[in-house]
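The values are calculated or read from the model by the stated rules, or taken from the named source; none is laboratory data. These numbers were taken from a predicted model, which means no experiment stands behind them. Positions of Cβ are backbone-derived with ideal geometry, glycine not excepted, and every protein chain shown enters the neighbour counts.
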Amino acid sequence: MLYEYIQKNYEKDEPIFLSELPFENKQSLRQEMKRLTDEGKLARVYNGVYYQCYKTVLGTNGNLSMTKYINKKYLKKDGKTNGFIAGLSLANQYGFTSQVPSVIEIVSNDSSTRQRKVEVDGYKLIIYSPVFPINEANLSAIQFLDLMSNIHKYSELTNEERKRKLKEFIIATKVDFNEVKKYIYMYPDRVYKNIFEGGLMNELV
């Protein structure tokens, strides 16, 4: 019954968190998950996290989707906004750099410490706590401020190219500068400098 529920409600490469399975007897649930793992139906990532064993089109063993893991664990929680991708990964995603990050940086309400390093299924993650709890209303503003804190380190663009990319980023992520003004005081002075050099100072007036 448990395996049928998993097959029906989870994609092959989707993380299965023990805590979210709707079974009251947790001891029996753990025993059943162990049995399914021993039978090769499930793979255990670490304590309390699994995914279904499957084969790729090439016939090799499939892996856990790290994107789905990060979304589920750190970016969304019970359907609510909980965090965002940050650092070099964010800069690469929006074309500020061609550098491919070796570590995925995440800002999430799920982090209880200022900075925490974890390794999941061969991927290295750094989880930061946000300067202010993240929600749907302030997500784009805090992500923008996080980007502006470090863009001078990541960007490989000329000033004009950077200005163009920043405008594209603002449109794509729907940055609300009224929200930016609420939180900018929590960030270092270099954020103002980077915003000025990005041609965005008028947005703060």
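Restricting attention to the range 163-176, the residues being over 12 Å from PHE96 (Cα atoms) and buried (at least 18 other Cβ atoms within 10 Å of the Cβ) number 2.
Which strands (runs of 3 or more DSSP E) does the range 27-104 wholly contain that include 1 or more residues that are exposed (fewer than 13 other Cβ atoms within 10 Å of the Cβ) and in contact with a strand residue (DSSP E or B) (Cβ under 9 Å, 6 or more places away or on another chain)? Walk me through it before giving the result.
Numbers: elements: 42-46, 49-52, 83-86.
Passing ranges, in order: 42-46.
Against the definition (out of contact with any Pro (no Cβ under 7 Å at 6 or more places or on another chain), loosely packed, with under 13 Cβ neighbours inside 10 Å and within 20 Å of VAL191 (Cβ to Cβ)), how does GLN115 come out, yes or no?
Values: out of contact with any Pro (no Cβ under 7 Å at 6 or more places or on another chain): yes; loosely packed, with under 13 Cβ neighbours inside 10 Å: yes; within 20 Å of VAL191 (Cβ to Cβ): yes.
The answer is yes for GLN115.
Of all residues in the range 8-22, none that is outside the structural domain of GLU32 (by TED's automatic domain parsing) has its Cβ atom under 9 Å from the Cβ atom of a residue that is surrounded by 15 or more Cβ atoms within 10 Å (Cβ to Cβ) and not basic (Lys, Arg), 6 or more apart or on another chain. Of all residue pairs spaced 6 or more apart or on separate chains, those with beta-carbon atoms under 8 Å, a first member in the range 186-205 that is touching a residue at least 24 places away in the same chain (Cβ under 8 Å) and among the polar types (S, T, N, Q) and a second member that is part of a helix (DSSP H, G or I) and surrounded by 12 or more Cβ atoms within 10 Å (Cβ to Cβ) are ASN194/MET148; ASN194/SER149; ASN194/ILE151; ASN194/HIS152.
Kindly check whether there is at least one residue in the range 134-152 that is touching a residue at least 60 places away in the same chain (Cβ under 8 Å), over 19 Å from ASN82 (Cα atoms) and in contact with a helix residue (DSSP H, G or I) (Cβ under 6 Å, 6 or more places away or on another chain). Yes: one or more hits.
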